[in-house]
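The values are calculated or read from the model by the stated rules, or taken from the named source; none is laboratory data. This structure is a prediction, so every number in the text was calculated from the model and none was measured. When we count neighbours, we look across all protein chains shown, and the Cβ atoms used for this are built from the backbone with ideal geometry, even at glycine. Ligands, DNA and RNA are stripped out before the accessible areas are found, and what is left, the full protein with its side chains, is counted by its heavy atoms. Shrake-Rupley method; radii C 1.70, N 1.55, O 1.52, S 1.80 Å.
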Amino acid sequence: MEKILLKNIDKPDSQDIETYISGGGYKALEKALSMKPEDIIAEVKKSKLIGRGGAGFPTGLKWEFTRKEKGEPKYVVCNADEGEPGTFKDRVILNKDPHLLLESIIICGYAVGAEKGFIYIRGEYFEEINTLKKAIEQAKAKKMLGENILGSDFSFDIQIFKGAGAYVCGEETSLFESMGGGRATSREKPPFPTQFGVYGKPTVINNVETLSNVPSIILNGGDWYSQIGSPDSPGPKLFCLSGHVNKPGVYELPLGTSLKELVETYGGGVKGRFKAVLPGGVSSSFLDTLDVKLDYKSVMEAGSMLGSAAVIIMNSDTDMVNVCKNIMEFFAHESCGHCVPCREGTRRAREIFALFANGEGKAEYLDTLLDLKDTMYDTSRCGLGQAALNAGASAVKLFRDEFTKRIKK
Ligand SMILES: Cc1cc2nc3c(=O)[nH]c(=O)nc-3n(C[C@H](O)[C@H](O)[C@H](O)COP(=O)(O)O)c2cc1C
Ligand code: SF4
């Protein structure tokens, strides 16, 4: 497949606006400004683009809801927090093709009726922050950003907002709280961000990769885009391949590509013998097969989720008990503590996995873990708590003997 998202990244000076323009960059913005905002939204809806940040919500619908909201002003927030362990795809666009992202955010702002956009970026992404700052200056100098963009009556500004350093800050409502100067903790939904987002105003929040699809949709049409890859969730996808593979990295492939092809053809095969995979980072459930298509529906039908497509491979030398212990240490540390099931559940699960790792586990603890997973899924307020035990519970189901053999007789 011809690359759409990563097509510019190997060009020398790919960050420079001149390189971007010479490859057809900002043509989509020019075209978008000649269209009615409603027609842009219609194209995005037709494309069937769904969010690449993890939740998989239809992008066109989100834009339409925001456009239709009465409240003013409206905002666009680009989620560049990239906090899910194993996810390192957005940084490629941020660092190598910042104008692709800027062009996308500006088009989104025009479509939904916003005059200001924010890029909420992970604080540790120093290089990416500098790249974006330079790109914003260049775009302003070329009248692609700022007052009366390209001579039109549309004005739009973009501000960079450095993340507050916690995993939960990537969750959209916690992110808004942290931008407002509050503690990063999730809000009840509804109201949804399209109604009550950053500073309490209607907001479109989209992931870096989601937005970066927009220029090609505007230039080629939603129908063209909807033909790429899987019919249910079309388009290209950036897969972050890591763990026990020979060639880890970020690979752009159509949604619906098989996991086996990603690992064997692109990732150079498994280092050792394959044992398990987390297809959507540590928030997803383990699968013990490579025979699955990488699209949202197929991965869910196989018993896991694609999430942000952080594909982590584990070989037969991997100690699943220790993996679960590490994952739970992460979640217990990152729980914001606001709701009891997540705050107490992540700690209890961490404790149980540590007991098994130390050879002090008991058979009944495994049932406790499975119960805890259901309770946390049903009662936690945000996705962090809801998904925290996915990996752990699936490991207990798929690799139960690794836990039971550590129980003292
Ligand atoms: C704990 C947690 C962390 C998240 N971290 C991120 C993140 O780093 N980047 C991101 O784009 N979305 C993240 N999300 C998903 C966002 O809440 C939201 O769904 C997304 O930004 C919407 O954009 P999209 O529709 O383009 O996917 C996270 C969700 C949860 C529950
Ligand atoms: S689920 Fe966890 S991270 Fe989310 S609000 Fe509750 S305590 Fe905080």
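Data for the structure
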item: Elements of type helices (runs of 4 or more DSSP H) in segment 333-409, at least 3 residues being more than 25 Å from Pro279 (Cα to Cα); result: 340-357, 363-379
item: Segment 201-223, residues that are touching a residue at least 60 places away in the same chain (Cβ under 8 Å) and either farther than 16 Å from Phe57 by Cα or within 16 Å of ligand 2 (Cβ to nearest atom) (or both); result: Lys201, Pro202, Pro215, Ser216, Ile217, Ile218, Leu219, Gly221, Gly222, Asp223
item: Count of segment 110-119 residues which are more than 21 Å from the chain's Cα centre (by Cα) and either surrounded by 24 or more Cβ atoms within 10 Å (Cβ to Cβ) or of a type outside the set (Ser, Thr, Tyr) (or both); result: 6
item: Residues within segment 120-160 that are open to solvent by less than 50 Å² (accessible area, probe 1.4 Å), aromatic (Phe, Trp, Tyr) and either more than 19 Å from Ser308 (Cβ to Cβ) or not assigned by TED's automatic domain parsing to the domain that holds Ser104 (or both), tallied; result: 2
item: Flag if Phe57 is of a type in the set (Phe, Trp, Tyr), in contact with a strand residue (DSSP E or B) (Cβ under 6 Å, 6 or more places away or on another chain) and either open to solvent by 50 Å² or more (accessible area, probe 1.4 Å) or within 16 Å of ligand 2 (Cβ to nearest atom) (or both); result: no
item: Count of residues meeting criterion [part of a loop (DSSP other than H, G, I, E, B) and in contact (Cβ under 8 Å) with a residue 60 or more places away in the chain] in segment 122-146; result: 2
item: Residues of segment 299-328 satisfying the condition of being farther than 16 Å from Ala276 by Cα and either within 15 Å of ligand 2 (Cβ to nearest atom) or in contact with a Cys (Cβ under 6 Å, 6 or more places away or on another chain) (or both); result: Met328
item: Pick from segment 353-387, criterion more than 29 Å from the chain's Cα centre (by Cα) and without any contact (Cβ under 8 Å) to a residue 24 or more places away in the chain, ranking: nearest to Glu329 (Cα to Cα); result: Leu355
item: Residues that are open to solvent by less than 60 Å² (accessible area, probe 1.4 Å) and out of contact with any strand residue (DSSP E or B) (no Cβ under 9 Å at 6 or more places or on another chain), drawn from segment 70-79; result: Gly71
item: Matching residues in segment 297-319 - criterion: being touching a strand residue (DSSP E or B) at 6+ places or on another chain (Cβ under 7 Å) and part of a helix (DSSP H, G or I); result: Val299
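Okay, residues lined up against (1) open to solvent by 20 Å² or more (accessible area, probe 1.4 Å); (2) under 16 Å from Ser394 (Cβ atoms); (3) within 15 Å of ligand 1 (Cβ to nearest atom):
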site	(1), (2), (3)
Ser258	yes, no, no
Glu261	yes, no, no
Gly268	yes, no, no
Ser285	no, yes, no
Lys293	yes, no, no
Ala309	no, no, yes
Ile313	no, yes, no
His333	yes, no, yes
His338	yes, no, yes
